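The values are calculated or read from the model by the stated rules, or taken from the named source; none is laboratory data. Please read all numbers here as calculations on a predicted model, not as lab measurements. Backbone-built Cβ (ideal geometry, glycine too); neighbour counts: all protein chains shown. Note: areas computed on protein heavy atoms with side chains; ligands, DNA, RNA excluded. Shrake-Rupley method; radii C 1.70, N 1.55, O 1.52, S 1.80 Å.
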Amino acid sequence: MKSENTHRGAGAPEADWDALAAGFDDEPDHGLRDPEVRAAWAERLRAWLPGHPADLLDLGCGTGSLSLLAVEQGHRVTAVDRSPAMVERARAKLAGHTAEILHGDAAAPPVGERCFDAVLVRHVLWALPDPAGALRHWRDLLRPGGRIVLIEGVWGTLTPVGIPAARLTALLEPLASRVRVRVERLSGHRALWGKEVDDERYAVVATV
């Protein structure tokens, strides 16, 4: 599995993401440089995101790998990251594509009154100081029938970090009376990670 010190979100607030940006894409599921890994993530995004061109907000976008896949699938992407170095690399990666890359906090993205069809967040929610508050805010950024796609997990064995799927689904329950939640287990899918993993990895798709 990934080192806990280099995992997106790991290390909590003191992690220096500007310093880590240069090597961030070295992880197979970050840079998506391996065609098999890239194809696996592209397939998942097609299943999780709307089947038509949609307005997508990618929060904690890192170097923009998932944003690029989404743009290639026809979505209109706004991406946000709090690290200026990550934003710079994401802008370079998406150069020539119709996408907006913003510097800002994933918990309170700088998008004003805009609304979106989908919010995509990978390996970020667990590290936020108020995950329930962030989920409420993201819900409010969605148009009716919109969806939140959360890719999370629990990493490590000696000192595990992350958020279990059961806790995340419990956090989603108060958001609305008719939230539809689907949990998809990802641990056993080697192609997504470029290697075998034995920790908890999953995606939650919540339609509100």
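A few points about this structure:
- One equal scatterer on each Cα of the range 51-107, no solvent, Debye formula: the resulting log10 I(q)/I(0) at q = 0.13, 0.27, 0.28, 0.29 Å⁻¹ is -0.25, -1.02, -1.08, -1.15.
- Pairs of alpha carbons in the range 49-171 whose separation is greater than 24 Å (percent): 25
- Taking the protein heavy atoms of the range 58-208 in the context of the full set of protein chains, the accessible area attributed to carbon and sulfur is 51 percent at 1.4 Å.
- Under Karplus coefficients 6.51, -1.76 and 1.60, residue-wise ³J(HN,Hα) of the range 49-65 in Hz, glycine/proline x: 8, x, x, 10, x, 9, 7, 10, 10, 9, 9, x, 6, x, 8, x, 5
- Fully extended contour minus Cα-Cα distance, from residue 166 to residue 95, at 0.36 nm per residue: 21.7 nm
- Solvent exposure of the range 42-137, expressed per residue, is 40 Å² of accessible area, with all protein chains present and a 1.4 angstrom probe.
- Note on residue 115: accessible area approximately 50 square angstrom, rounded to 10, probe 1.4 Å, nucleic acids and ligands left out.
- A viscosity of 1.567 mPa s and a temperature of 4 °C, combined with the Kirkwood radius over Cα pairs in Stokes-Einstein, give a translational diffusion coefficient for the range 125-164 of 111 µm²/s.
- Simple Cβ-charge dipole of the chain, Lys/Arg +1 and Asp/Glu -1, about Cα centre, in debye nearest 20: 720
- Relative contact order (%) - the chain, alpha-carbon pairs under 8 angstrom, separation at least six: 20
- Kirkwood-based Rg to Rh ratio, the chain, C-alpha trace: 0.92
- The slack between residue 184 and residue 72, meaning 0.36 nm per residue of separation minus the straight C-alpha distance, is 38.0 nm.
- Antiparallel content of DSSP bridges confined to the chain, in %, to 5: 45
- The share of Cα pairs per 5 Å bin across the range 136-208, counted from zero up to the longest distance, runs 3, 15, 24, 21, 15, 11, 8, 2, 0 percent.
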